[in-house]
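The values are calculated or read from the model by the stated rules, or taken from the named source; none is laboratory data. Note that the coordinates shown come from a computational prediction; the quantities given were computed from them, not determined experimentally. Here the Cβ positions follow ideal geometry from the backbone for every residue, glycine too, while neighbour counts run over all protein chains shown. What goes into the accessible areas is simple: the full protein's heavy atoms, side chains included, and nothing from ligands, DNA or RNA. Shrake-Rupley method; radii C 1.70, N 1.55, O 1.52, S 1.80 Å.
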Amino acid sequence: MQKKQKKGLTLGKFAPFHKGHQLIIETALDEMDEVIVIIYNASDVTNIPLQIRSAWIKTLYPQVKVIEAWEGPMEVGNTREIQKIHEDYIINKLKISGISAFYSSEFYGSHMSKALNCENRQVDPERKIIPVSATQIRNAPFKCRNYIHPIVYKNLITNVVFLGAPSTGKTTLAEKLATEFNTEWMHEYAREYWTKNQINRKLSLEQLLDIAMDHIKLEDEKIQNSNVYLFTDTNAITTFMFSQYYYGKAHKELEKLALSASNRYDINFLCDIDIPYDDTWDRSGDAKRKIFQKQIIADLHARKLPYYLLKGTIEERIQKVKNILRKHKKY
């Protein structure tokens, strides 16, 4: 006789998804043959889109069946009326049945498991194993970042990139803003790499690809210790532009990285050439700066990438960035 498959169910807003949620899912995976996760829209609690919250779970636990509850009830509370609304949605609207255990660490585990006629499997209800809640994280994500998976935390950080020709203030802006906001900044890795590896002031197509790949890797590391913002000095599009400038072409993989950079950053700032040119040994002159700036602008327009132009003194530029960040919402 074939053994009956054990089916586990959990649900939540996962706003955001944290290690306490992971403990519940992993416990269910250890004990059940099949695990279903229902995720509510929860627009009243978070601006993070349902698709993104759902993708966190799908990426970390591909073996789990994720149901996106777009029409899930918004009511919150422990009255019998509210309990029945949620039970009706799960059982009659979503047609959930045959559940062996309902997994949670919340009060609703009792009534939901009773309605589903299954075990009420409570996991760390007193928050002793994972002492954090989604509310705590929403209030202080940087402070609680050790309780958030890197994939999730990356989506909580606003990645701000500064673009522009050489000697337009990108590095100074990124560093000063990081200090003001008590966060991290990503330096222009290309300049560091070029200084160490250039031969006759040039790099190969493969080396330019290495720059872009290493920059992204370092940037992802910086994000994990960032506080609300990461300020990034240049990106793969800049490296792609340099490749086009010197060779008239780029490595195919670098083209892909430049394309993905179009969606990687939350805000693009273009630093203008209205500040004095700093003619250091590793630069090619003010005339080439002007040409490269025009090419960068043309590329941004071709990619249909929105950007803010930063002009004036460093202080004026910093103030404009701060004004824009004050109004910006990541989602």
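Among 165-172, 259-266, how do they line up from the highest to the lowest mean number of other beta-carbon atoms within 10 Å?
Numbers: 165-172: 21.6, 259-266: 15.9.
Highest to lowest by the protection proxy: 165-172, 259-266.
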Please find, in a Gaussian network model of the chain (springs between Cα atoms separated by less than 10 Å), the residue of T183, T238, T59 whose mean-square fluctuation is greatest. T59
The stretch 119-142 and the stretch 1-20: distance between their alpha carbon centers, rounded to Å: 16 Å
Taking the Cα centre as origin and putting +1 on Lys and Arg beta-carbons and -1 on Asp and Glu beta-carbons, what dipole magnitude results for the chain, to the nearest 20 debye? 460 debye
For the stretch 101-236, percent of DSSP beta bridges that are antiparallel (nearest 5) comes out at 15 percent
What full-extension length gain, to one decimal in nm, is calculated for D88 and K196 as 0.36 nm per residue of separation minus the Cα-Cα distance? 32.4 nm
Please list 226-232, 76-82, 107-113, 89-95 highest first by mean number of surrounding beta-carbon atoms within 10 Å per residue. 226-232, 107-113, 89-95, 76-82
Quote the accessible area belonging to I199 in square angstrom, nearest 10, computed with a 1.4 Å probe and with ligands, DNA and RNA left uncounted. 120 Å²
Taking Cα pairs closer than 8 Å and at least 6 residues apart, the relative contact order of the chain in percent is 16 percent
Could you work out what % of the accessible surface of the stretch 25-159 is carbon and sulfur, using a 1.4 angstrom probe and leaving DNA, RNA and ligands out of the count? 48 percent
Work out the charge dipole of the stretch 95-245 with +1 on the Cβ of Lys and Arg and -1 on the Cβ of Asp and Glu about the Cα centre, then indicate which of V228, F107, P131 is farthest towards its positive end. F107
At 1.4 Å probe size, with every protein chain present, just tell me what the per residue accessible area of the chain comes to in Å². 52 Å²
For the stretch 185-235, with all protein chains present and a 1.4 Å probe, just round the carbon and sulfur fraction of the accessible area to a whole percent. 52 percent
Among E119, E87, E75, which one shows the biggest mean-square fluctuation in a GNM of the chain, springs joining Cα atoms closer than 10 Å? E75
Here are labelled values, [x] 0.97; [y] 1.09; [z] 1.30, and one is the computed Rg/Rh (Cα atoms, Kirkwood Rh) for what I pasted. Which one? [y]
Kirkwood Rh in Å, taken over the stretch 1-64 so that all alpha-carbon pairs contribute: 12.5 Å
Within the chain, what percent of beta bridges assigned by DSSP are antiparallel, to the nearest 5? 5 percent
Theoretical FRET efficiency, 1/(1+(r/R0)^6), r = Cβ-Cβ of E253 and I291, R0 22 Å, to 0.05: 0.25
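D for the stretch 189-326, whole µm²/s, Stokes-Einstein with Kirkwood Rh over alpha-carbon pairs at 10 °C and 1.306 mPa s: what number?
Here the translational diffusion coefficient equals 98 µm²/s.
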Value of relative contact order over the stretch 210-331, rounded to a whole percent, pairs C-alpha under 8 Å and six or more apart: 23 percent
